[in-house]
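The structure follows.
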Amino acid sequence: MVYFVGAGCGAPDLITVRGKKRIEEADVIIYAGSLVNPQLLEYAKEGAEIHNSAYMTLEEVLDVIKAAEAAGKTTVRLHTGDPSVYGAIREQMDVLDELGISYESCPGVSAAFGAAAAMNLEYTLPGISQSLIITRMAGRTDVPEKESIESFAAHRATMAIYLSAGQLEELSGRLVAGGYTENTPAAIAYKVTWPDQETYFCTVGTLAQTAAEHGIRKTALILVGDVLAKCGYEKSRLYAADFSTEFRAAKAHQGGAPKDAENEDK
């Protein structure tokens with residue numbers, strides 16, 4: 001059996017209870033050494049076989065998994081953040097399907113959510129943005145034309161931009177070309193939840209300058225959107241006195257009878 005486990009975005013205590021249990025039980029652990037906190041390996045049992053995939057090809061990773069399966073061992077493939085976001089797990093799963101090897105995924109805390117916690121943000125403020133766009137700039141991995149930065153910027157929604165810290169001049173220009181202004185709030189979240197975490201609020205127009213001032217060139221998430229200003233939003237309707245839910249009756253309000261809602265809609 002193979003378990004794809006999300007290691008979270010840095011702090012070892014941000015792994016899920018399930019993920020920790022999988023590590024503790026694993027006979028073989030293949031971890032993404034470039035970004036996974038090595039402290040998580042302290043949860044491994046004595047005698048567990050540990051491989052750092054930063055030095056391995058896909059074929060080498062799969063060879064280790066196949067050997068473990070042949071020996072009746074359990075493997076944990078430990079990915080950074082959440083495996084479903086830029087985790088390159090589909091290509092591994094497809095081979096496991098072909099080989100008839102069973103697998104299961106365990107989610108983790110992605111950097112966007114580590115950054116929100118570190119900077120006390122809510123990405124979906126009523127009246128400002130109700131959508132979070134997770135994307136990246138093209139690098140060694142292409143991005144489809146229909147998913148260009150400009151096309152997403154046109155929505156003026158909240159954006160979390162991964163794997164793009166080394167291209168901030170270009171990113172700023174493309175965000176402005178798409179619809180944000182240079183004064184739109186932005187932020188840089190470097191190694192969030194790690195001991196050397198750094199976070200900086202800035203604007204779309206000052207992203208590159210802010211990163212240069214602090215020597216940030218990689219391992220940083222870029223956030224963009226008016227929610228970063230933390231003001232000008234509407235309060236949630238869910239907790240309004242004149243709003244009914246299946247758990248709470250609305251109180252009378254000026255201008256008519258209480259409003260009802262079948263769903264807890266913010």
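The values are calculated or read from the model by the stated rules, or taken from the named source; none is laboratory data. Nothing here was measured: the structure is a model prediction, and the numbers come from that model. Every residue, glycine among them, receives a Cβ derived from its backbone with ideal geometry; neighbour counts consider all protein chains shown. Accessible surface areas use protein heavy atoms only, side chains included; no ligands, DNA or RNA. Shrake-Rupley method; radii C 1.70, N 1.55, O 1.52, S 1.80 Å.
Keeping the other protein chains in place, figure out the carbon and sulfur percent of the accessible area of region 145-209, with a 1.4 Å probe. List each step's numbers first, then the result.
Details: 1460 of 3000 Å².
Carbon and sulfur: 49 percent of the exposed surface of region 145-209.
Right, here's the next one. Working with all protein chains in place, sort Thr184, Thr74 by solvent-accessible area computed with a 1.4 Å probe, largest first.
Details: Thr184 5, Thr74 40 Å².
Greatest to least solvent exposure: Thr74, Thr184.
Give the ranking of Tyr239, Tyr55, Tyr233, Tyr162 by solvent-accessible surface, highest area first, calculated with a 1.4 Å probe. Write out the running numbers ahead of the final one.
On the way: Tyr239 165, Tyr55 185, Tyr233 115, Tyr162 25 Å².
Per-residue accessible area, sorted high to low, gives Tyr55, Tyr239, Tyr233, Tyr162.
On to the next question. Which of the following values of Rg and Dmax of the Cα atoms in Å was calculated from the structure shown: (1) 20.7, 78; (2) 21.9, 72; (3) 16.9, 48?
Only one listed value fits the structure, namely (2).
Please report, in Å, the Rg and the Dmax of region 1-115, where both are computed over Cα atoms only.
Computed over the Cα atoms of region 1-115, radius of gyration and Dmax are 12.9, 41 Å.
Counting only DSSP beta bridges with both residues in the chain, what percent are antiparallel, rounded to the nearest 5? Present the calculation step by step, with values, prior to reporting the outcome.
Numbers: 16 of 39 bridges.
Among the beta bridges of the chain, antiparallel pairing accounts for roughly 40 percent.
Next up: Of the peptides 2-10, 22-30, 130-138, how do they stack up when ordered by the mean number of other Cβ atoms within 10 Å, highest first?
On the way: 2-10: 25.4, 22-30: 21.0, 130-138: 16.7.
Per-residue mean Cβ counts within 10 Å order the peptides as 2-10, 22-30, 130-138.
While we're looking at this one, here's another question. Run the paramagnetic zone check for Trp194: 7 angstrom along Cα to Cβ, then residues of region 33-51 with backbone nitrogen under 16 Å.
33-41
Turning to a different aspect of this structure: Per residue, how many Å² of accessible area does region 132-256 show with a 1.4 Å probe?
Details: 6900 Å² over 125 residues.
For region 132-256, the per-residue accessible area is 55 Å².
Right, another one. Using Cα pairs under 8 angstrom and six or more residues apart, how large is the relative contact order of region 148-212, in percent?
Once normalised by length, the contact order is 31 percent.
Could you compute the net charge surrounding Tyr233? Neighbours are other residues with a C-beta less than 10 Å from the C-beta of Tyr233; K and R count +1, D and E count -1.
Details: positive: Lys230, Lys235; negative: Glu122, Asp226, Glu234.
Once all neighbours under 10 Å are counted, the net charge is -1.
Let me ask something else about it. Taking only C-alpha pairs under 8 Å that are 6+ residues apart, what is the relative contact order of the chain in percent? Please report the intermediate quantities before stating the final value.
Values: 511 pairs, mean separation 46.0, N = 266.
Relative contact order here is 17 percent.
While we're here: Could you give the length gained on full extension between Tyr55 and Ser236, defined as 0.36 nm per residue of separation minus the Cα-Cα distance, in nm? Don't jump to the answer; show the numbers that get you there.
Numbers: separation 181, 0.36 × 181 = 65.16 nm, distance 4.79 nm.
In short, 60.4 nm is gained.
Please state the relative contact order of region 1-83 as a whole percent: Cα pairs under 8 Å, 6+ residues apart? Walk me through the numbers on the way to the answer.
Values: 143 pairs, mean separation 41.4, N = 83.
After rounding, I find 50 percent.
Still on this structure, I have one more. What does the accessible area of Lys251 come to, in Å² to the nearest 10, when a probe of 1.4 Å is used?
Accessible area, nearest 10 Å²: 140 Å².
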